[in-house]
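I have placed the structure first, in the form of structure tokens, so that the comments after it can refer back to it.
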Amino acid sequence: MTDPNRLHLLVEGQSELTVAQELLVDHLREAGWATVTVSVVRTQTSSVTHRGGVSSWAKIHREIQYLLGQKSLTALTTIFDFYGFPADAPGVSDLPAGPAGRQVEHVEREIAAAVPDRRFLPHLVLHELESWVFAAAEQLSELRGEPHLAEQLRADCDAAGGPELVNGGAKTAPSKRLLRYCAGYQKVIEGPLAIAELGVAGLKSRCPHFDAWLSKLEEQAKR
């Protein structure tokens, strides 16, 4: 029997899984979704199934189609990084000129067109999950006991125009900067903890693309 109000989040890896489970699931339930489930995208090598990582659009598309095949699903959305998203994915080869926000929205629209199912709302994190960690600069600084870290992260955000715009390439993407700034940085532990401490309201106020996506899910829960 179809669940009248079930949302599923398909995520890229362990960090995204933790953030979804520790921060987003409860929020989305409070917004009105009766059931919220989460899974990490499956990858496969011969007969062995692994979870996490997106090396090709075919792997993501296969997982999306599998999930949409479940009649109990009301809505499906994703949490994948825009930075490093597979080059063969819809919209990546013909990115429009202009700001990153326009580019990520272009790819999301093309993905939606490639998966014509009204239940599917594609979402890519601009530029990557570590952008949300930059939004949680004060929380990460306090967590690590490094007062000057927040100042460094805020300076990068200010220079870029916001946490979601901190990206400059293979050596200067948010994740690369964190590794440089934070000795022994534990990506799957410290990042999600800092984001959870910031909370949904704080993240929405600092990350417009995140806010637009989550607001759509909140609105859809009320229908």
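Among the residues examined, ILE111 qualifies as part of a helix (DSSP H, G or I), among the hydrophobic types (A, V, I, L, M, F, W, C), buried (at least 17 other Cβ atoms within 10 Å of the Cβ) and free of Cβ contacts under 8 Å to residues at least 24 places away in the same chain. Kindly check whether there is at least one residue in the stretch 125-132 that is out of contact with any Lys or Arg (no Cβ under 6 Å at 6 or more places or on another chain), hydrophobic (A, V, I, L, M, F, W, C), farther than 22 Å from THR77 by Cβ and touching a residue at least 24 places away in the same chain (Cβ under 8 Å). No: zero hits. Contact map, the stretch 161-178: residues that are in a helix (DSSP H, G or I) paired with residues that are modelled with pLDDT of 95 or more and β-branched (Val, Ile, Thr), Cβ distance under 6 Å, separation 6+ or inter-chain. Pairs shown: PRO174/VAL166. The single condition among (1) surrounded by 16 or more Cβ atoms within 10 Å (Cβ to Cβ); (2) farther than 25 Å from PRO99 by Cβ that VAL188 does not satisfy is (1). In the stretch 137-160 there is at least one residue matching the filter, namely being more than 22 Å from GLN21 (Cβ to Cβ) and assigned to a loop (DSSP other than H, G, I, E, B). Of all residues in the stretch 88-102, those being within 18 Å of the chain's Cα centre (by Cα) and free of Cβ contacts under 8 Å to residues at least 12 places away in the same chain number 1.
The values are calculated or read from the model by the stated rules, or taken from the named source; none is laboratory data. The shown structure was predicted, so the numbers you read here are calculated from the model rather than taken from an experiment. Cβ: placed from backbone, ideal geometry, glycine included. Neighbour counts: every protein chain shown.
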